[in-house]
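The values are calculated or read from the model by the stated rules, or taken from the named source; none is laboratory data. The shown structure was predicted, so the numbers you read here are calculated from the model rather than taken from an experiment. Methodologically, a virtual Cβ is constructed for each residue, glycine included, from the backbone with ideal geometry; neighbour enumeration extends over all protein chains shown.
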Amino acid sequence: MSKKGGTGTDKTRLVHAGKGGDRHHGTITTPVYHTSTVLFPSVAALKQAKNTSGSVTYGRYGTPTTFALQDAIADLEGDGACIVLPSGLSAITTALVGLLDSGDHLLMVDTVYNPTRRFCDGLLRTLGVQTTYYAPDRDIRDLLRDNTRAVFLESPGSLTFEMQDVPAIAAAARERGAFTLIDNTWATPLYCKPLSLGIDVSIQSVTKYIGGHSDLMMGTVTAKGEVFDRIHSSAFQLGLCASSDDCFLALRGLRTLVPRLERHSNTARILAEWLSKRPEVRRVLSPVLAHDPGHAIWSRDFTGASGLFGVILEPVKSTQIAAMLDGLRYFGMGYSWGGFESLILPVDPPHRTEVPWRETGPLLRIHAGLEDLDDLIDDLDAGLARLNQTA
Ligand SMILES: Cc1ncc(COP(=O)(O)O)c(C=O)c1O
């Protein structure tokens, strides 16, 4: 468990948070502690460690490397305490399991990351929790029931990038005594601080921008007081932990988060604007663009944007899409996002129940990496030429 406590702006905090320092012989990094077992010199010391929160007692409960990362993330989130988990999805499921009991009702945004949806329709249902999906722009007040224990948000939504009015939803839920949780992976806590918008639980897939190098899987949950204690306890009961090696990599990722995100963001905005002028493109999905329906909310609640957005092409044959994507030089084709390399993914029609997907053109998801912008534009330009030639 970690507590907040840094000073300076985010840019400064990210350089200094969770540093090795005096506890580690002055090393600038916090070392990787490989250990399951911690030895105590006496019964009194063993008992004291067991009863002191934040003590190092056993590998699964966290090493000094884990605690340094948790401190740094809580610092960046601006409030509360943080726990790291082995993946972004496990952070989501652990938080939901920690806050919901059999007989409870959950309001889940319809545009949520699909594996989160699968968890709600699968294990969570088996555990006796009923889920209702709501449209991302829905006024949720008349959906809240007496047994609604939690409202889950993801803004912008997975694949389709719809923004949600986070403060309004948080206020409505709070009035009825329901917890609010948000998957904040797209913005990272650098560009959106959910706890300051009234949300109870902020969740990150660290796998994406915080890791930043496509070489680790990890998630975090940040919350305050009793809400944090419940989720922390559920993580411990489930036996979940992240490796110290991965915590070290995530801490290293944090050091460069600011300049990386600035570059991802700038490249993505220019690519999105360039694509939106192309005749092959029906619509670009990104709240950063002035014409996007979510632009006003994004400008109000976020201080920046990351490098992920969607593109709906005019209807074409699947062979044309293959010709475009198969020949790309710099855009890799693969799942995930947030790493140094640009990625492009053809996406199946998104699974929605409240806002059915009616677009007929193919949907692509683009992650703008750290490559040279002109090279990326040339790559897409050549790809669209291949798409046209294959017609
Ligand atoms: C929005 C979002 N949330 C959560 C996750 C899950 O993260 P992880 O892959 O670290 O489990 C993903 C993964 O793609 C995602 O896109």
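Contact map, the stretch 194-212: first residue in contact (Cβ under 8 Å) with a residue 24 or more places away in the chain and on the phi < 0 side of the Ramachandran plot, second residue among the charged types (D, E, K, R) and within 8 Å of the ligand (Cβ to nearest atom), Cβ cut-off under 7 Å, separation 6 or more or different chains; pairs are Ile203/Asp183. Once the stretch 186-208 is narrowed to residues that are within 14 Å of the ligand (Cβ to nearest atom) and assigned to a loop (DSSP other than H, G, I, E, B), the residue that is nearest to Asp229 (Cα to Cα) is Val206.
Collect the residues in the stretch 334-354 that are touching a Gly at 6+ places or on another chain (Cβ under 6 Å) and within 15 Å of the ligand (Cβ to nearest atom), keeping them in residue-number order. If the condition is that a residue be touching a Gly at 6+ places or on another chain (Cβ under 6 Å) and within 15 Å of the ligand (Cβ to nearest atom), then Leu343 is the only one that fits. Residues that are buried (at least 22 other Cβ atoms within 10 Å of the Cβ) and away from the ligand (no atom under 16 Å from the Cβ) within the stretch 153-169 comprise Asp165, Ile169, listed in sequence order. The set of residues in the stretch 311-336 being in a strand (DSSP E or B) and free of Cβ contacts under 8 Å to residues at least 40 places away in the same chain consists of Gly332 alone. Quick one: which of Tyr113, Tyr134 is more than 16 Å from the ligand (Cβ to nearest atom), crowded, with 18+ Cβ neighbours inside 10 Å and modelled with pLDDT of 95 or more? Sole residue among the options that is more than 16 Å from the ligand (Cβ to nearest atom), crowded, with 18+ Cβ neighbours inside 10 Å and modelled with pLDDT of 95 or more: Tyr134.
When you scan the stretch 33-41, do you find a residue that is in a strand (DSSP E or B) and either without any contact (Cβ under 8 Å) to a residue 40 or more places away in the chain or of a type in the set (Asp, Glu) (or both), even just one? Among the residues of the stretch 33-41, at least one is in a strand (DSSP E or B) and either without any contact (Cβ under 8 Å) to a residue 40 or more places away in the chain or of a type in the set (Asp, Glu) (or both), which makes the answer yes.
The set of residues in the stretch 355-391 that are in contact with a Ser or Thr (Cβ under 7 Å, 6 or more places away or on another chain) and acidic (Asp, Glu) contains only Glu371. Kindly evaluate Ala150 against the criterion of being more than 30 Å from Leu254 (Cβ to Cβ) and either away from the ligand (no atom under 16 Å from the Cβ) or of a type outside the set (A, V, I, L, M) (or both). Here the answer is no, as Ala150 does not meet what is asked. Residues that are touching an Asp or Glu at 6+ places or on another chain (Cβ under 8 Å) and either surrounded by 15 or more Cβ atoms within 10 Å (Cβ to Cβ) or part of a helix (DSSP H, G or I) (or both) within the stretch 268-282 comprise Glu280, Val281, Arg282, listed in sequence order.
Where strands (runs of 3 or more DSSP E) fall wholly inside the stretch 49-163, the ranges with 1 or more residues that are among the polar types (S, T, N, Q) and at negative phi are 130-134, 148-154.
Note on the stretch 209-222: among residues that are in a loop (DSSP other than H, G, I, E, B) and hydroxyl-bearing (Ser, Thr, Tyr), the one that is surrounded by the most Cβ atoms within 10 Å (Cβ to Cβ) is Tyr209. If I go through the stretch 341-391 residue by residue, how many of them are within 21 Å of the chain's Cα centre (by Cα), surrounded by fewer than 18 Cβ atoms within 10 Å (Cβ to Cβ) and not in a loop (DSSP other than H, G, I, E, B)? So the count comes out to 2.
Among the residues examined, Gly294 qualifies as in contact (Cβ under 8 Å) with a residue 24 or more places away in the chain, more than 19 Å from Ala368 (Cα to Cα) and surrounded by 15 or more Cβ atoms within 10 Å (Cβ to Cβ).
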